[in-house]
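Let me begin by presenting the structure, written as structure tokens, before commenting on it.
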Amino acid sequence: MFVRNRKVTMATHPPTLNEPAATENSHTGMSEYESACVAGGHGEAIRGVLSHIGDKWTLLIVGALSVGHRLRFTELQRHIPGISQRMLTVTLRHLERDGLVRRTMHAEVPPRVEYELTSVGTTLIEPALALGHWAVGSYTTILDSREQFDAASAEPKASRWSDQ
């Protein structure tokens, strides 16, 4: 791949936060967060992982499975109000693929399938709970901000454009 006639090398392995970024810019003076965002040159680590764990259903699934025992699909669905069967299936597949959830199928009639967090998945409990507590604690402030923003945005367009 070429960008402005300069060859860009792509990492052939997942980037690590300690790995120097493959960009031409010097990263001196960057915060730890900024350096992590450019790990591997393109921020794949953060974007790739957060694309799955940053959605609302994943955090709720992790919270439901954080009790430490296996849950069947229907039990898990009961613990997560509003999630459809399809969305639960899709999200569980993503989590299983990422190695955060283990799916165990028992050879019974009817088949019994259980889900549990893996050892890597359990490391997500603390950040997920912290984010959940922040969301609950900030919810009314966020709703108030939305109302103020929407009210300010709702002023007639004619008065905004008539000053020009």
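No lab work stands behind these numbers, since they all come straight from the coordinates. The shown structure was predicted, so the numbers you read here are calculated from the model rather than taken from an experiment. Heads up, the Cβs are rebuilt from the backbone with ideal geometry, glycines too, and the neighbour counts pull from every protein chain shown.
Taking Cα atoms of the range 58-163, Rg/Rh with Kirkwood Rh, to two decimals?
Rounded to two decimals, Rg over Rh is 1.24.
When you count, for each residue, the other Cβ atoms within 10 Å and take the mean per peptide, how do 70-82, 125-137 rank with the highest first?
With the highest mean Cβ count within 10 Å placed first, the list reads 70-82, 125-137.
Would you mind computing, in nm to one decimal, how far apart the modelled labels at Met87 and Asp55 are, each placed 7 Å from Cα along Cα→Cβ?
0.9 nm
Quick one: what are the phi-derived ³J(HN,Hα) couplings along the range 98-110, Karplus 6.51/-1.76/1.60 with θ = phi - 60°, whole Hz, x for glycine and proline?
Result, ordered by residue: 7, x, 9, 10, 10, 9, 10, 9, 9, 7, 9, 10, x Hz.
Relative contact order for the range 54-151: what percent, with Cα pairs under 8 Å and sequence separation of 6 or more?
Over the range 54-151, the number comes to 30 percent.
Any idea which of Gly137, Pro110, Leu100 is furthest toward the positive side of the dipole for the range 54-151, if Lys and Arg beta-carbons carry +1 and Asp and Glu beta-carbons -1?
Final value for the positive-end residue is Pro110.
Which order do peptides 114-122, 85-93 fall in by mean Cβ count within 10 Å, highest first?
The most tightly packed comes first, giving 114-122, 85-93.
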